[in-house]
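The block underneath contains the structure these notes are about, expressed in structure tokens.
The values are calculated or read from the model by the stated rules, or taken from the named source; none is laboratory data. What you see is a predicted model, and the numbers here were worked out from it, not measured in a lab. Please note: Cβ atoms are built from the backbone with ideal geometry, for glycine as well, and neighbour counts cover all protein chains shown.
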Amino acid sequence: MTRPWSSQLMAAAILGGALQSGRVAHAYIFCGPKGTGKLACALDFAAALNCQRDGFERFQQGVCECDSCRRTQAVVHPDIRLLQPAGAKIKIDQIRYLIKELWQRPFAGKYKIHILDQADRCNVESANSILKILEDPPGQAVIILVTDKPSTLPATVRSRCQFVRFVNLPIEEQGRRLQSKYGLAADRAKLIATLGEGNPGRSEELVANAQLDRYRKLAQTVVTGLGGRNDWELFALVKELEMEKDGLRDILHLVCALLRDLVCLSATDQGVDLINCDKERELALAARGIPLGKWYQAFSLVQEVEADLERNINKRLLLEGLVFNLHTLLATDGTSSAFDR
Ligand SMILES: [Zn+2]
């Protein structure tokens with residue numbers, strides 16, 4: 001059975017070891033980038049801790065039909081609580097309720113397990129209450145703090161928890177996983193693993209994204225298709241990009257991936273390991289016409305725009321700047337836009 005955290009070998013070893021030896025910590029911090037399966041793993045670990053058969057096997061296999069595991073699956077286990085922020089913050093009332101419950105004996109299972117998702121959203125008051133229970137934890141209590149920003153938790157809380165780290169994978173490994181899980185061709189798996197930066201969740205989102213090929217076409221237009229376009233056509237392209245609300249981030253990422261390949265191809269023609277390996281011929285041809293320095297400039301231009309978009313600077317203006325500057329920089333047929341004159 002494939003689970004979102006199945007590639008997290010270190011986390012699996014730490015938690016599997018705890019289940020097998022029975023040496024379970026009172027408090028864990030599951031930390032790492034979004035999309036690495038932290039919360040799913042916390043729920044699997046909680047199920048395994050209270051499994052009525054073999055908890056270690058439940059954790060390894062991901063399935064068990066015992067009464068306790070079925071209740072966990074249905075999110076109705078009386079001893080396993082998942083607490084998520086109510087609004088922007090985890091409220092002190094939520095924490096007080098959690099602490100009161102943790103002091104009660106387990107109702108049906110061996111452990112009383114409370115999982116705090118996005119634990120970094122605790123305010124100071126909530127964090128102090130958590131600290132109190134970590135200083136003197138009740139016997140069967142296990143608290144799992146799940147976060148992608150562990151450094152924002154107070155040091156006093158962090159020092160009382162065992163860290164379980166979740167990581168992005170090397171591109172090759174993520175690519176192999178996509179190949180075996182989705183039956184993708186090697187080129188496609190590598191492209192998606194690279195675009196997803198080795199993040200399992202992000203890569204799987206890209207596999208499921210039906211727009212990916214359209215986004216690639218658009219990205220290619222931005223990089224190699226600006227030559228010969230007049231200002232109105234460039235404005236039309238800006239508008240087209242602006243309409244891509246959620247997809248814009250992906251498109252710019254694809255633009256960067258193309259420019260990265262063009263930088264490599266322009267620097268050397270021998271043994272380049274391309275991200276867009278299915279477009280090798282077209283890219284080699286494009287790389288020939290333009291000096292390396294310009295590809296570099298284009299690359300940093302796009303990265304600046306990506307960063308500015310994150311800061312919510314006017315999207316239309318940023319995209320206009322991007323398209324017209326790239327046109328000036330990369331269009332090779334001698335036509336210039338009104339912006340250069
Ligand atoms: Zn079970």
| What are the residue pairs meeting all of these: first residue in the range 38-52, first residue without any contact (Cβ under 8 Å) to a residue 40 or more places away in the chain and assigned by TED's automatic domain parsing to the domain that holds residue 78, second residue among the aromatic types (Phe, Trp, Tyr) and away from the ligand (no atom under 11 Å from the Cβ), Cβ atoms under 6 Å, and 6 or more apart or on different chains? | 40/5
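Here is a yes/no grid of residues against (1) more than 10 Å from the ligand (Cβ to nearest atom); (2) among the aliphatic types (A, V, I, L, M); (3) out of contact with any His (no Cβ under 7 Å at 6 or more places or on another chain):
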{"residue": "40", "(1), (2), (3)": "yes, yes, yes"}
{"residue": "45", "(1), (2), (3)": "yes, no, yes"}
{"residue": "51", "(1), (2), (3)": "no, no, yes"}
{"residue": "54", "(1), (2), (3)": "no, no, yes"}
{"residue": "64", "(1), (2), (3)": "no, no, yes"}
{"residue": "70", "(1), (2), (3)": "no, no, yes"}
{"residue": "76", "(1), (2), (3)": "yes, yes, yes"}
| request: Kindly check whether there is at least one residue in the range 183-193 that is of a type in the set (Val, Ile, Thr) and touching a residue at least 60 places away in the same chain (Cβ under 8 Å). | output: no
| task | Starting from the range 63-87, take each residue that is assigned by TED's automatic domain parsing to the domain that holds residue 104 and more than 15 Å from residue 45 (Cβ to Cβ) and list its partners that are more than 10 Å from the ligand (Cβ to nearest atom) and among the hydroxyl-bearing types (Ser, Thr, Tyr), counting only C-beta distances under 9 angstrom and pairs at least six apart or across chains. | result | 83/97
| request: For the range 325-340, indicate whether the set of residues that are loosely packed, with under 15 Cβ neighbours inside 10 Å, modelled with pLDDT under 90 and among the hydrophobic types (A, V, I, L, M, F, W, C) is non-empty. | output: yes
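Outside any loop (DSSP other than H, G, I, E, B), in contact with a Phe, Trp or Tyr (Cβ under 9 Å, 6 or more places away or on another chain), within 16 Å of the ligand (Cβ to nearest atom) and free of Cβ contacts under 8 Å to residues at least 60 places away in the same chain - does that describe any residue in the range 20-36?
yes
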| message | So residue 293 ticks every box in (1) closer than 20 Å to residue 237 by Cβ; (2) modelled with pLDDT of 90 or more but one. Which box is left unticked? | response | (1)
